[in-house]
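One structure is given below, encoded as structure tokens.
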Amino acid sequence: MTKKTLGSRPEIEVRGLHKSFGDNQVLRGIDLEIGQGEVVCVIGPSGSGKSTLLRCVNLLEEPTKGQVFVGGTELTDPDVDIDAVRRRIGMVFQQFNLFPHLTVTENLSLPQRRVLGRDKATAAKVAAENLERVGLSEKATAYPSSLSGGQQQRVAIARALAMGPEVMLFDEPTSALDPELVGDVLAVMRMLANEGMTMMVVTHEMTFAREVADRVVFMDGGVIVEDGIPDQVIGNPQHERTRHFLSRLLDPAMAEVEEETSDQVGKGD
Amino acid sequence: MTDTTGADVELQPKKKGLTRRQKRSLSRGIQYVVFVAAVIAFAVAADWDRLQNQFAQKAIAEQMFPEVITLALKNTVLYTVSGFAVGLVLGMVIALMRLSSVGPYRWLAGVYIEIFRGLPALLIFIFIGVAVPLAFPGTEIPGGTYGKVALALGLVAAAYMAETIRAGIQAVPKGQMEAARSLGFSPARAMISIIIPQAFRIILPPLTNELVLLFKDSSLVLFLGVTLEERELSKFGRDLASQTANSTPILVAGLCYLLVTIPLGFVVRRMEAKAQEAVK
């Protein structure tokens, strides 16, 4: 792991990113920098390309054009060891994606052993530490199917943390959860943010974005429309599209029936 | 009853003919009558004395033991298990070839599956027994008859198992591979550590069914020509049947097959029920 010597170098850097699925242009030129320790929430309507952008940051989606750098390494370089770079990037999915055939502890320790080559005892120790961080030590021997959605998502966060990542990506981490389970997951994310983790979070949780994020990025139609501090983007949006999105989100009952605008056809995935 | 019918008629006009309930009991009644009639007809028509004489001679049956178990059943199990092992390994390779991003691999795997699924197992046995020694003079398939059976059964089983394994791998949600890759697993390692263990859980019932099919197909070994020591259930039963001019050995051999296949079928149903439960 290369410790950065250049303090000015952003942890995540996206340059001129384009992504198309067939004829469908989902991302149309994204430029974004996220500094070390910064928490950036990406918001926007469904189909705006925000999840695709996140997935391009660890190359789960191959960009059509443009560059992605994480910790100074260019991921879009065809000769880069992508598995090695991904070890430094933790990812949390909407659907948790825990390994159902393994216990909670095994979910955390197997990747450490197979990918990082840690021995059994070390992997178990790191697994236990990270389960404690997310408050689920008592579920160590349980299987994922016996956990609630909120617990599964916290295990998924712990699994990513056990690899010792420098950056964490969250893809709508609370969207699949029952409302009463959202709080526990957000609390863990808040803790991570306070510890100084660099985080990029695609979310619909405006309260979280407002309170925890250093910056909020609003995307629509495959481009970044607005980028700034939460109070500015959420509290005092400059663009009509942002205002429109926020008013719908904050008060869905007030939304009016209207024609689909043709530049929003891009579907996330 | 009679008091209310008048009111019912006015509220709900009666349809012509039978009610739904009457139709249902009539239909069930007919089915029972047909069943009982068929059983009686069979029992009366069959010549039970001759049947017993030909198929259920206690003395002949007793004469088969213990070899029918210690030799014939043992060999049947041995042929089946070795064929299954070869089929599983080969089937896994073909399944992975079928899912490969390399075109020729996919194509080759597809051709293999079509050929070996389309040919009768009998032809494969004859091919292994006759054609291979002719084509490659001097080559000896290791393991003698056991090796030949394992190869012939394995070649057939691999075609079916490859399709089953491929379906199992594809049934594992896409998110599992994505999660593994995002943790830094290489594609091969993710396949081995994460995807294949889950796929096997899914395909355990169909694989066990394949084992039952192989168990029966192992009888085809008699087309390879076997020594006395290599005889399995069918050959053993047939030999004894011709020796004694009586079919009792065939019946005993058949019962020995069922001794294994029925419990296996029970296990498969249990596994399927458990899998259903897990999905819910």
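A short reminder: the numbers here are calculations on the coordinates, not readings from a lab. Predicted, not measured: the structure shown is a model, and the values here were computed from it. Here the Cβ positions follow ideal geometry from the backbone for every residue, glycine too, while neighbour counts run over all protein chains shown.
B:LYS216 fulfils the conditions (1) among the basic types (Lys, Arg); (2) over 17 Å from the mean Cα position of the chain (by Cα); (3) under 15 Å from B:LEU153 (Cβ atoms) except for a single criterion, (2). Scanning the range A:66-102 for residues that are of a type in the set (Val, Ile, Thr) and under 22 Å from A:VAL201 (Cα atoms) gives A:VAL68, A:VAL70, A:THR73, A:THR76, A:ILE82, A:VAL85, A:ILE89, A:VAL92.
Do you know which residues across the range B:114-149 are assigned to a loop (DSSP other than H, G, I, E, B) and either within 22 Å of the chain's Cα centre (by Cα) or among the small types (Gly, Ala, Ser) (or both)? If you could, list the steps in order and put the result at the bottom.
Taking the range B:114-149 first, the residues assigned to a loop (DSSP other than H, G, I, E, B) are B:119-120, B:136-143.
Those that are assigned to a loop (DSSP other than H, G, I, E, B) and either within 22 Å of the chain's Cα centre (by Cα) or among the small types (Gly, Ala, Ser) (or both): B:LEU119, B:PRO120, B:GLY138, B:GLY143.
The residue of the range B:244-253 that is nearest to B:GLY129 (Cα to Cα), among those that are of a type in the set (Gly, Ala, Ser) and surrounded by 15 or more Cβ atoms within 10 Å (Cβ to Cβ), is B:ALA253.
So which helices (runs of 4 or more DSSP H) are wholly in the range B:8-87 and hold at least 2 residues that are free of Cβ contacts under 8 Å to residues at least 12 places away in the same chain and among the aliphatic types (A, V, I, L, M)?
On the way: elements: B:20-45, B:48-55, B:58-64.
Per the criteria, B:20-45.
Selection of the range A:104-149 for residues being within 13 Å of another protein chain (Cβ to nearest Cβ), among the hydrophobic types (A, V, I, L, M, F, W, C) and surrounded by fewer than 20 Cβ atoms within 10 Å (Cβ to Cβ) yields only A:LEU116.
If only residues of the range B:167-198 that are within 7 Å of chain A (Cβ to nearest Cβ), touching a Gly at 6+ places or on another chain (Cβ under 9 Å) and part of a helix (DSSP H, G or I) are counted, the one that is surrounded by the most Cβ atoms within 10 Å (Cβ to Cβ) is B:SER182.
Among the residues in the range B:204-227, are any β-branched (Val, Ile, Thr), within 14 Å of chain A (Cβ to nearest Cβ), touching a helix residue (DSSP H, G or I) at 6+ places or on another chain (Cβ under 7 Å) and over 30 Å from A:LEU59 (Cβ atoms)? Give the derivation first.
The first filter runs over the range B:204-227 and keeps only residues β-branched (Val, Ile, Thr), leaving B:208, B:212, B:221, B:226-227.
Those still in the list that are within 14 Å of chain A (Cβ to nearest Cβ) too: none.
Within the range B:204-227, not a single residue is β-branched (Val, Ile, Thr), within 14 Å of chain A (Cβ to nearest Cβ), touching a helix residue (DSSP H, G or I) at 6+ places or on another chain (Cβ under 7 Å) and over 30 Å from A:LEU59 (Cβ atoms).
Scanning the range A:203-232 for residues being of a type in the set (A, V, I, L, M), within 16 Å of A:ILE34 (Cβ to Cβ) and either within 17 Å of the chain's Cα centre (by Cα) or buried (at least 16 other Cβ atoms within 10 Å of the Cβ) (or both) gives a total of 7.
On inspection, B:ASP217 qualifies as in a helix (DSSP H, G or I), in contact (Cβ under 8 Å) with a residue 40 or more places away in the chain and not polar (S, T, N, Q). Selection of the range A:90-116 for residues being closer than 11 Å to A:VAL155 by Cβ, polar (S, T, N, Q) and over 20 Å from the mean Cα position of the chain (by Cα) yields A:THR103, A:THR105.
Just name the residue that is farthest from A:ARG248 (Cα to Cα) out of those in the range A:46-79 that are assigned to a loop (DSSP other than H, G, I, E, B) and within 13 Å of another protein chain (Cβ to nearest Cβ). Break it down stepwise before answering.
Step one: of the range A:46-79, the residues assigned to a loop (DSSP other than H, G, I, E, B) are A:46-49, A:58-64, A:71-72, A:75-79.
Those still in the list that are within 13 Å of another protein chain (Cβ to nearest Cβ) too: A:58-62, A:75.
Numbers: A:ASN58: 31, A:LEU59: 32, A:LEU60: 30, A:GLU61: 29, A:GLU62: 32, A:LEU75: 36 Å.
So, considering only residues that are assigned to a loop (DSSP other than H, G, I, E, B) and within 13 Å of another protein chain (Cβ to nearest Cβ), the one farthest from A:ARG248 (Cα to Cα) is A:LEU75.
One residue stands out among those in the range B:211-243 that are farther than 16 Å from B:THR261 by Cβ and among the basic types (Lys, Arg): the one that is surrounded by the fewest Cβ atoms within 10 Å (Cβ to Cβ), which is B:ARG238. For the subset of the range B:65-89 comprising residues that are touching a Ser or Thr at 6+ places or on another chain (Cβ under 9 Å) and surrounded by 20 or more Cβ atoms within 10 Å (Cβ to Cβ), which member is farthest from B:THR145 (Cα to Cα)? Taking the candidates together, the pick is B:ALA72. Would it be correct to say that B:MET92 is surrounded by 14 or more Cβ atoms within 10 Å (Cβ to Cβ) and within 21 Å of the chain's Cα centre (by Cα)? So B:MET92 passes the test. Among the residues making up the range A:114-132, a single one is within 18 Å of B:GLN176 (Cα to Cα) and free of Cβ contacts under 8 Å to residues at least 12 places away in the same chain: A:ARG114.
Inside the range A:150-180, residues that are more than 14 Å from chain B (Cβ to nearest Cβ) and either in a helix (DSSP H, G or I) or charged (D, E, K, R) (or both) make up a count of 6.
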